[in-house]
Structure formats: C-alpha cells, structure tokens
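Derivation of every value follows stated rules applied to the coordinates shown; laboratory data play no part. Because the structure is predicted, anything quoted here is derived from the model rather than measured. Please note: Cβ atoms are built from the backbone with ideal geometry, for glycine as well, and neighbour counts cover all protein chains shown.
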Amino acid sequence: MKLITVSGAPSSGKTSVILRLIDCLRDNNQEVGVIKFDCLTSFDQERYKEYGVKVQVGFSGKFCPDHFFISNIEDAVEWGNRAGLDILISESAGLCNRCSPHIQGVLAICVIDNLSGVNTPRKIGPMLKLADIVLITKGDIVSQAEREVFMFNVRQVNPGARILFVNGITGQGAFMLSKHVMNAADITTLRSRRLRFSMPASVCAYCTGEMRIGETYQMGMLKKMEFR
C-alpha cells in the first residue's frame, strides 16, 4: 500500500484536490481510502462517502492536531492494510504554519492557496519547506503574472519540490499529480520511521489545563518576548 500525506492551511482546497485525484487513480483501478484528521468537527467525510471512498475521521479536540496525527497514523496504516487499499491518503487538519506532518520515505504533499497572499510561502515552515510536491490551488482566479510570482516565492522556500497548479473544481492538473502518486513507494508499516522535522514543542501549565493569566501560573517550557 502507498501512503500519501496531504497538508495545508484551512480552506486551501485539500479535500477538493483529493477528490479530483481519486478520480484519476480510479481510472488506474486503484482502491483508495482516506484518513481525515481534524480539530473540532468536519463534514468532509460526507463528501468522501458520496464518492464511495472508504474514510475514517479523527478529531484532536484539545490536543495539538500535529501530535494527534503522528500518534495515530501508524494505526491508520494498519487499517488501510486490513481494508485492502492500494493507496491511503492522509488529509491533515488545516494546520498552523509551524506544523510538520511529513514522514521520511512517504510522499508528502502541501496544498497552498494562490489567493492567500504573495508572501504566504515565506511564512510557512516545514509543512511547505519539506514537501515533495506543492500544489497551488485557485490559480484560475488570478492573472498569469500573479501565478508566476507566487510560484517563484514557493520555489525560493522549497527549491527541490515539484510544483503543480491544480484546479479542485475542474480537476485540471490532477492527472499529472496522479502520476507522481502512482510512483510513490509502497509501505507495510511506519514503525521506526522518522518525521522529517520535529513537532512544535511546548509543555507548560496551559497545556495541562491552566486558565489563569500571570507569571505566577506560568510553568514549564515558555518563550517570553523582550519589550524595550
């Protein structure tokens, strides 16, 4: 089975792109399943079910969605193997720009919205910088010049990534994406594999439920600003 990790900011078009990708993969007789990680709620599973896609959903609740993802992805792979999938696509929650949901040896895709701002690629951390493929969505709404400038800024952040423009409505660009997915490595387990970058780290009083404000209640790993 092939595992593909798809990450990106909220409302960047991850689910729509995945559905267009599934169309292309089914043309190659691939059985595709999706594991959807989210924070509080999600309606994407209904879209997948309408497509007849096997889907599982997990909500992180009060936990960091990135830590929730990496704590459960191994079990997700075992589910995919039991379900007889050829390809399992992991769709992350709309993550903060610091997150790093990519695994060594697993095809990593980052979806970024062309309308999010020309400097947005420079504000995104490992989620974009360490991806194998960067998908730029909503490029049909902007001019060719804006697409070129946005792609240049993506290239500055991640020179080694394959950059594709994909339309989540028409499916334009999804066929080329499916070719890369079909060439991804097969896996049987994630045991002993490593993340491409460390997770955001914080173990403090607020992590364990503290709600009061003030230095008296601030304990553990903290980072303070210096005001001059």
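Observations on the model:
- Pairwise centroid distance, computed over Cα atoms, of the range 123-150 with the range 24-67, Å: 23 Å
- Contact order, relative form, for the range 47-129: 27 percent (alpha carbon pairs under 8 Å, 6 or more residues apart, mean separation divided by residue count).
- Relative contact order [Cα under 8 Å, 6+ residues apart], the range 2-197, whole percent: 30 percent
- Over all other residues within a Cβ to Cβ distance under 13 Å of Ala131, the charged ones net out to +4, with Lys and Arg as +1 and Asp and Glu as -1.
- Contour excess over end-to-end distance, with Cα ends at Lys62 and Asp140 and 0.36 nm allotted per residue: 24.4 nm
- Rounded to the nearest 500, the helix-only mean residue ellipticity at 222 nm of the chain stands at -9000 deg cm²/dmol, with each DSSP H run of n ≥ 4 adding -39,500 (n - 2.57).
- Here the chain carries DSSP beta bridges of which approximately 10% are antiparallel, counting only pairs with both residues inside.
- Cα-projected label distance for Lys123 with Asp186, points at 7 Å along beta-carbon direction, nm: 4.3 nm
- Under 5 Å between amide hydrogens, built in the peptide plane, is the criterion, and for Lys54 it picks out Val34 among residues at least 5 positions away or on other chains.
- Local electrostatic count at Lys179 - Lys and Arg +1, Asp and Glu -1, tallied over other residues with Cβ under 12 Å: 0
- Residue exposure sequence - Ile213, Ile187, Ile4, Ile103 - by fewest surrounding Cβ within 10 Å: Ile213, Ile187, Ile103, Ile4
- Using θ = phi - 60° and Karplus 6.51 cos²θ - 1.76 cosθ + 1.60, couplings along the range 202-215 (whole Hz; Gly, Pro as x): 6, 10, 9, 4, 6, 5, 9, x, 5, 10, 7, 9, x, 4
- Length added when fully stretched, Arg212-Phe152, from 0.36 nm per residue minus Cα-Cα: 17.1 nm
- Cut-off under 5 Å, modelled amide H: who pairs with Gln172 long-range: Asn167
- The H on the amide N of Cys204, modeled in the peptide plane, is under 5 Å from the matching H of Met221, each at least 5 residues off or on a different chain.
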